[in-house]
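The values are calculated or read from the model by the stated rules, or taken from the named source; none is laboratory data. None of the values given here were measured: they were computed from a predicted structure. Quick reminder, even Gly has a Cβ in these numbers, built from the backbone with ideal geometry, and neighbours come from all protein chains shown.
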Amino acid sequence: MPASSRQAEYVLMCEMSYFAQAPPFRPCYVHLDAQQRPLSMVGGIRVSDTADRDNPPVPICGLNIDNTPLGRGHIMALQLGGPDVSENIVPQYQQWQQTGAWRQMEVSAMHNAPVNGVFACLMEYANTGDATANGLYDTFSNVDPLVYWDDLRIPTRFRVWLLPGTANPGAQLLTGILAAGLTDLARSTAAGNLLTTLGTTPAFAEFTVTTMPAEDRTFWMRNQLAMVVDESFEAYQEHYSTLDAPPSPHRETEVEYVFGRGQEVRTRLRDDYGWLAHEINSFASNGQLLEASFHERPLKARTLKNIERREKAYAAKQSKWGKVKSVNEMRLARLKRGDPY
């Protein structure tokens, strides 16, 4: 069934935060707090393909995540049978949830889902800040893309269970939360006691997110590399535009800049952006600066050939310019001495 059709089914079959879903998909329930933050998610697992999925809806908590490092993360993945609704969306770091540890957990869950299984997730919120009041949008865009998003609407802990529905506690969740005909009060009460119901059952996965995850930090450090190369090169161009300096024979002269002045970029990363020595050593070699500038990792064979071609052309241009300059300087010296031309 196309994702858009599934979403229409969800809306029609929604009773508060209970989503009956059209067969073969199974019921799901999201327990929200007074601030519209999802505290828990319980759903019947139905592994499926989502190749034709629409863009996810905005998170129910109301946090604007446009132009931030955050993405619209499904608590229960569509591929596990979760509904594509705002109640099933929380702000999650984009790389972490798209390709990183959270996504890897989802893939593992699809491969390990029990027959007639039940998905359960508990979330906690340890942040106390407010992204809007604290100006995090401006800080991220103009000052520090590595800033941690301290906002009380972003979950900081996730605990995930995959439970067989034929035995407790999975069977209890099917009858006490997901069964048809229950009142929302009954479902919310049972969901509020979820931790007690799960008892000592080991979690399938557990995550604490109180710093920018490594996947996202790496992504935004590379992005910052490209930005600093661009800024440094623009400053270099502006400085030398009024001087008698050789122009590059090609437009993409960031290549020459990186090879000739990469250390200046690394100094800016340290002095202006607070990079530590081990971060510079790990992420800011000349090759990595070029990868960031070209948004290719690793650099493609054609890009490497173009870089080599530009380097040779630039070196030839400099050499030719240097010879011309030397001849002109000698002529000027002769004129000053009054020697014949």
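Residues in the range 57-76: is at least one in contact with a Cys (Cβ under 9 Å, 6 or more places away or on another chain) and assigned by TED's automatic domain parsing to the domain that holds Ser17?
So far as the range 57-76 goes, yes, one or more of its residues are in contact with a Cys (Cβ under 9 Å, 6 or more places away or on another chain) and assigned by TED's automatic domain parsing to the domain that holds Ser17.
Residue-by-condition table, conditions (1) on the phi > 0 side of the Ramachandran plot; (2) out of contact with any helix residue (DSSP H, G or I) (no Cβ under 9 Å at 6 or more places or on another chain); (3) at pLDDT below 75; (4) of a type in the set (D, E, K, R):
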{"position": "Val265", "(1), (2), (3), (4)": "no, no, no, no"}
{"position": "Leu290", "(1), (2), (3), (4)": "no, no, no, no"}
{"position": "Ile307", "(1), (2), (3), (4)": "no, no, no, no"}
{"position": "Lys323", "(1), (2), (3), (4)": "no, yes, yes, yes"}
{"position": "Glu329", "(1), (2), (3), (4)": "no, yes, yes, yes"}
{"position": "Arg337", "(1), (2), (3), (4)": "no, yes, yes, yes"}
{"position": "Tyr341", "(1), (2), (3), (4)": "no, no, yes, no"}
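What do you reckon, is Trp149 hydrophobic (A, V, I, L, M, F, W, C), surrounded by 15 or more Cβ atoms within 10 Å (Cβ to Cβ) and under 30 Å from Phe19 (Cβ atoms)?
yes
Kindly indicate which of Ser141, Ser232, Ser188 is small (Gly, Ala, Ser), assigned by TED's automatic domain parsing to the domain that holds Pro69 and closer than 30 Å to Leu269 by Cα.
Result of the check over Ser141, Ser232, Ser188: Ser141.
So which pairs qualify, if the first residue must be in the range 195-211 and more than 25 Å from Tyr93 (Cβ to Cβ), the second must be assigned to a helix (DSSP H, G or I), the Cβ gap must be under 8 Å, and the two must be at least 6 apart or on different chains?
Between residues of the range 195-211 that are more than 25 Å from Tyr93 (Cβ to Cβ) and residues that are assigned to a helix (DSSP H, G or I), the close pairs are Thr197/Gln172; Thr197/Leu173; Thr197/Gly176; Thr197/Ala190.
Can you name every residue in the range 35-56 that is part of a loop (DSSP other than H, G, I, E, B), of a type in the set (S, T, N, Q) and touching a residue at least 60 places away in the same chain (Cβ under 8 Å)?
The answer is Gln35, and nothing else.
I need the strands (runs of 3 or more DSSP E) fully contained in the range 76-191, keeping only those with at least 3 residues that are under 22 Å from Arg217 (Cβ atoms) and touching a strand residue (DSSP E or B) at 6+ places or on another chain (Cβ under 9 Å).
89-93
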